[in-house]
Structure formats: C-alpha cells, structure tokens
Amino acid sequence: MFDLSGGALCLDFANTVSNRGSDAPIDRLTSYGDFLSWCEQSGAVAPAQVRELSKLAAAHPSAAREAVARAIDVREALYRLFAAASGGKRPRPADLALVNEQIPLAFKRSRIASAGERYVLRVDAAADDLLSPLAPVIKSTVDLLTSPAIDRVRTCAADTCEWLFLDTTKNRTRRWCDMKVCGNREKVRRFRSRG
C-alpha cells in the first residue's frame with residue numbers, strides 16, 4: 001500500500017521513497033510490478049490497462065526493467081524540482097531537461113474528453129507502452145508547475161521524512177505531510193525531549 005497524501009499525483013509519485021532524510025531511505029518502486037501497483041492504487045492507470053501492461057512486462061522483462069529504471073529517474077527529477085520549488089530555489093537544469101523530454105511522450109496520446117458540462121485534457125497510459133503510465137504523472141507535473149499552486153508545495157518538516165505535499169490550508173502553515181504520521185511522531189519526540 002502506498003501513502004497518497006501529497007495532494008497531487010506527481011507529488012505522490014515523488015513520495016514513493018520513504019524516509020528520504022534518513023540514513024536508510026526505503027524505495028517503494030523496486031520492480032515494474034511495484035510501479036504498476038502504485039499506478040493502479042493512485043488511479044493513474046485503469047485496472048484493465050494494468051493487467052495488460054503486466055502481461056507485456058512479463059513477456060519483455062528487460063524492457064520492463066528499463067522502463068522502471070527510467071520511471072525512477074523521472075521520479076527523482078520530480079522530487080528535486082518540487083523540493084526546490086518548496087524552498088524557493090531554482091531547479092537544476094538537468095531535472096527540467098529530463099521532465100521536458102517526457103512531455104511529448106506523455107501528450108502523444110492525449111485527447112479532449114467530456115467531463116459533465118466541461119471538457120478536460122485526458123492523458124492516459126497505453127497497454128502497449130511500458131513507460132506510458134508516466135503520462136498522467138507528467139500531466140500532473142505540468143499542471144502543478146504552471147499553476148499558482150506551485151507556491152503551496154511544501155516539504156514535510158519531520159527530520160527523516162522530506163515528503164512533498166500541497167499546503168491547502170487557508171493560512172499556509174501546514175508543516176507535515178500527514179498529521180497522523182509525521183505530525184504525531186514529532187509531537188511525541190518533542191514531549192519526550194522535555195522530560
């Protein structure tokens with residue numbers, strides 16, 4: 001199970017490493033199957049497409065390993081981009097370049113779709129492309145980087161967490177990725193240090 005507390009698909013993808021600030025970070029994407037599990041749980045890819053991509057990965061294991069390695073490279077670039085944004089810093093040009101490489105790939109299968117009385121740009125994964133599950137993540141990245149909400153991206157204040165999240169509070173004072181986890185842990189740590 002993945003924690004999806006970032007507030008945006010791209011931030012949830014960047015958060016697939018736990019305990020980034022510790023000496024022992026935990027990478028939750030160690031296989032193509034893990035990548036597909038995250039895609040399905042987050043809603044980035046429909047279950048039927050996950051099944052098809054899983055079959056394709058089983059038939060082409062080296063291509064699946066390459067695809068997940070590339071997805072991890074993109075994840076790390078996204079993490080650095082949004083961490084820089086949360087700290088008011090300029091992004092590394094190499095990280096922007098890597099994300100920019102993904103944009104035409106992500107949008108090559110995009111389409112306008114009806115959504116009630118409005119329209120939306122749909123960017124979906126394709127059952128014949130092992131890297132296509134990144135398409136919705138890249139769309140989310142473009143949406144967030146180009147919106148005023150970029151000013152609301154924060155990094156968790158817990159010493160070892162460093163997850164990214166959107167601070168949607170009215171006064172913009174949220175400090176923790178999840179109050180139930182990092183916030184409570186930090187409160188307990190402070191309480192114990194007083195005694």
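The values are calculated or read from the model by the stated rules, or taken from the named source; none is laboratory data. In this text the structure is predicted, and so the values were computed from the model without any measurement. Positions of Cβ are generated from backbone atoms using ideal geometry, with glycine treated the same way; all protein chains shown enter the neighbour counts.
Structure summary
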{"read-out": "Qualifying helices (runs of 4 or more DSSP H) (wholly inside region 1-75; at least 2 residues being without any contact (Cβ under 8 Å) to a residue 60 or more places away in the chain and under 23 Å from C156 (Cβ atoms))", "value": "32-42"}
{"read-out": "Filter result for the condition that a residue is in contact (Cβ under 8 Å) with a residue 12 or more places away in the chain and either part of a loop (DSSP other than H, G, I, E, B) or surrounded by fewer than 18 Cβ atoms within 10 Å (Cβ to Cβ) (or both), over L131, L78", "value": "L131"}
{"read-out": "Tabulated pairs, region 104-121, first more than 11 Å from S132 (Cα to Cα), second not in a strand (DSSP E or B), C-beta under 7 angstrom, 6+ apart or interchain", "value": "S110/V123; L121/S110"}
{"read-out": "Residues (hydroxyl-bearing (S, T, Y) and either touching a helix residue (DSSP H, G or I) at 6+ places or on another chain (Cβ under 7 Å) or under 16 Å from P148 (Cβ atoms) (or both)) located in region 163-178", "value": "T168, T169"}
{"read-out": "Test: residue in region 128-137 that is at pLDDT 95 or above and among the β-branched types (V, I, T)", "value": "yes"}
{"read-out": "Conditions (1) free of Cβ contacts under 8 Å to residues at least 24 places away in the same chain; (2) out of contact with any Leu (no Cβ under 9 Å at 6 or more places or on another chain); (3) within 16 Å of L134 (Cα to Cα); (4) not β-branched (V, I, T); number of the one not met by L96", "value": "(2)"}
{"read-out": "All positions within region 134-178 that are in a loop (DSSP other than H, G, I, E, B) and surrounded by 15 or more Cβ atoms within 10 Å (Cβ to Cβ)", "value": "C156, A158, T160, C161, E162, W163, D167, R174, R175, W176, C177, D178"}
